[in-house]
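The structure appears below as structure tokens.
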Amino acid sequence: MKLQFNTPYMGSKSIWSKLSVPKTGFHILIAILLFLHLLPVWCFKYFPTQDGLSHLYNAHILKSYANPDNYLLRQVYDLRLTLFPNWSSHLILLALMYLVPPLICEKILLTICITLILLSLFYFLNSVAWSNLHSANHPSFSLTTQSTGSGKTFPKRISLVFSGNFLGLVGFIYAFNYLLHMGFYNFTLSISLFFFTLGYWCRHQWLHSQNNLTLTQLAVTYILLIFTYFTHYQSFSLLVITISVLAVFSFAYSRIYANYVLTSADDESGGAQHSIQSYLKPIATFFGLMLPLYLLMFSYYLDRRGPGGDYHSFEELTDYFLSMKSLVAFRDDHIIIGQLLLAVFAVALVITLLKRLQQIQTILRDKKDGLVATQPIWALLVRPEDGFLLMAIILTVMYYQLPWSKYGGGWINDRIHLYIFLVLLPFFNLGGYRFNSKKQVNKNLDSIDETRWLLYSRTTLGSVIVVLSLWHLGLNSHTYAKLNADLVNAMPITEQLPAHTILASGAGECTLPNCPGEWNGFAVAFGQKPKYVDPFGHLECYLAIGQDVAYLNNYEADTDHFPTVYRQRNLTADYLIVRHTHAHQMETEKKEYNLVMKNGYSRLYRRKETKPNLRLWQEEATGLTIDFGQTPVEAGAEISVNVDTLYQGQGYGWVTDTQRQPFTSSQRQNQADLDGICSNQDGVFRVDLPNGRYIVTSTHFTQGKPCKIDLIANGKRYIRNVTLNQHLVMTSYSITITDQQLTQIIHPRQAGKVWGWLNCNIKPMSAE
């Protein structure tokens, strides 16, 4: 009986059932470990990250922007609603904010990030294993008997563990990586999308000799790739490169293997059996399908390329690489864990090479005995999984050659480092089977058994990974507990700031060194300064997650990577937060700000408030008419206001410094003067008046296309969806004043549409 390489099992319905070996104990272990790793996320009030609260605040802006009452948010920010990467986490947080409080939103997002990294790695490894077993060109798992025809195609004891799937346990360590603690939520989400997409492609395409993706499979692959792009560009580009490299490698391997190995089993002459067209057509089809993705990748790069770049030295990169600092966040205690994990990978590499040598020795022995077909030596040395080794090498070269920051982004080396060893995992062959004797071969492969040393090696390495993950978790949990004590105390107040206020870090318009919000201090409970991640960096954002609080030091709005950008930033802050290390620099601000609260970490200042000016109501108590169509000259019970009359304690004026223009219409209706003020942005006007109940009547007009507006007074929408046109429109409502101020907002419901405001009459109810 002679053994040959063949594909009789393709399409068999019973194969997968034979491979489904019970793994209940392993599943229970994963569930327990996942539960333990999620506990720190939910047991502490804050999950310490550098940028996490900033993402939370910007999701709040997205949610609150359309609310007509939030005029300060719309004055300070614009929304960048275009198709660009870095959308996913903001959209998830945005959706969650309609259901649960902000900090719970972040915890749910963290749970998703951590869980998906683990699941994606197992799916990725399982997909590669599945593809191996269903490939016509994998020498290790395509053995059958020629003499029996149908015969048994697989040993009874084959299980998925052969592929080293237990190595997916490293996901518990990698989930709590440096970039997660930096608060790079989009990139963390993109890691799982990377491996889900790569796993799906490997399952359906990787080792197959033809481009046989169905239309549905192609659509799913494209959707996953597009999702990855809108989550993070670097993961998307690395994913496209990885798929391309693996495709070329597997195609070349399958073609050469089929030509010189499979054919030699039936044709002693062997040799080339395929035309050049048969080689070029599948690979051309692949690159044709990938062309739109290449264009997307390079268009983003070309749009952002520029001179320079921040490069780290070879020594720095080597130290980072060998210390596995992509897993280190707050303290160097984690370096030993990363180095031990690196040792696990080294042992796995040695075992893989030994197993490869063992397989070669077995096949050479069986060739000598005439039990297998003659094969070239390269077919004994090279395996399809070597494509993952090639990709890991390419990633390593990219890690050393690319800059740390360029193309509008940073931490490039750090991100690549996270992928190097994860992509390498399928290369490790920690399972495998051996021919113990010719006698076993003659038993239709029923007795093929694993070598004990491989079984012991897997058990040992798996146990080491579990211990390292629990060690990693324990150190992180201890750090979280200490930092939470510091974070809670660092908050100058426990609640969000009042509505319609502006917040800044530092003095005035962030003139202090190291703004915004740099800590540069000693964490008391933690016992040291956090080394790599600054969990205090954007702590102020949490105070700003309230109704209409505009934060002037929002770093995301200073870039083009996020959905918020600054519209106007040169404003005076109502509240200032100053770190204790900068407290002495507030001496110059004491004339304008009062100290509200302080602790050992920070100080909160509030701008001195001016009392409402009621001089307009001392002589005339029957009402007040505000005319927006004249120069600012007072005339008894009527005042005139222009576009530059700002509220500065004089009793009336515009609150926001937005674009406003005077307009004069040549058209006259009923001898009415159609002079007024117009704008396509919010018009916020405030007037001081005694407490009481009033009737407020306004006249509106527009010269352009019809415009729909809302009118909000003191936080309540009194007029809704009124259409303005070239005819006078009157609005009226009654309101009770309790804080000696009336703040009215004209909010255009349609972007770009222009409203006009002619006048406003305020009459006390007692005067009726």
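Mind checking the full-extension length gain between residue 721 and residue 100? Use 0.36 nm per residue of separation minus the Cα-Cα distance, one decimal, nm.
That works out to 220.6 nm of additional length.
What nm value, rounded to one decimal, do you get for the distance between residue 529 and residue 91 when each label is placed 7 Å out toward the C-beta?
It works out to 4.0 nm between the two label points.
Taking a quarter of the surface of the Cα convex hull of the range 615-767, what do you get in nm²?
8.6 nm²
Determine the gain in length on full extension of the stretch residue 646-residue 386; use 0.36 nm per residue of separation and subtract their C-alpha separation, reporting nm with one decimal.
86.6 nm
Order these peptides, 393-403, 567-577, by their mean beta-carbon neighbour count within 10 angstrom, highest first.
Sorting 393-403, 567-577 by mean packing, highest first, produces 567-577, 393-403.
Could you give each residue of the range 242-253 its phi-based ³J(HN,Hα) in whole Hz, using Karplus coefficients 6.51, -1.76, 1.60 with θ = phi - 60°, and x for Gly or Pro?
Running phi through 6.51 cos²θ - 1.76 cosθ + 1.60 with θ = phi - 60° gives 4, 4, 5, 5, 5, 5, 5, 5, 5, 5, 4, 5 Hz.
Taking the Cα centre as origin and putting +1 on Lys and Arg beta-carbons and -1 on Asp and Glu beta-carbons, what dipole magnitude results for the range 615-767, to the nearest 20 debye?
Around 740 debye, computed over the range 615-767.
How far apart, in nm, are the 7 Å Cα→Cβ label points at residue 281 and residue 638?
8.7 nm
Can you sort 216, 479 so the residue with the fewest Cβ neighbours within 10 Å comes first?
Ordered from fewest to most neighbouring Cβ atoms within 10 Å, 216, 479 come out as 216, 479.
Can you work out the FRET efficiency for the pair residue 360 and residue 26, with r the C-beta to C-beta distance and R0 = 35 Å, to the nearest 0.05?
The formula returns an efficiency of 0.70 here.
Could you work out how much longer the chain between residue 346 and residue 596 gets when fully extended? Use 0.36 nm per residue separation minus the Cα distance between them, nm to one decimal.
Contour length minus Cα-Cα distance gives 84.3 nm.
For the pair residue 610 and residue 693, what calculated FRET efficiency results from E = 1/(1 + (r/R0)^6), where r is the Cβ-Cβ distance and R0 = 25 Å, to the nearest 0.05?
0.55
Find the relative contact order for the range 615-767 and round it to a whole percent, using C-alpha pairs within less than 8 Å whose residues are 6+ positions apart.
28 percent
What is the list of residues in the range 305-348 whose amide nitrogen lies under 13 Å from a point 7 angstrom out from the Cα of residue 464, following Cα to Cβ?
Under 13 Å, as judged by backbone N against the label point of residue 464, lie 337-348 of the range 305-348.
Pop a pseudo-label 7 angstrom from the Cα along the beta-carbon direction at both residue 78 and residue 566 and give the gap in nm to one decimal.
1.4 nm
How do 120-130, 286-296 rank on mean C-beta neighbours within 10 Å, highest first?
120-130, 286-296
Computed from the coordinates by the stated procedures, all read-outs in this text should not be read as laboratory data. If you're wondering where the values come from, they're calculated on a predicted model, not measured in any experiment. Glycine gets a Cβ as well: all are built from the backbone with ideal geometry, and neighbour counts include every protein chain shown.
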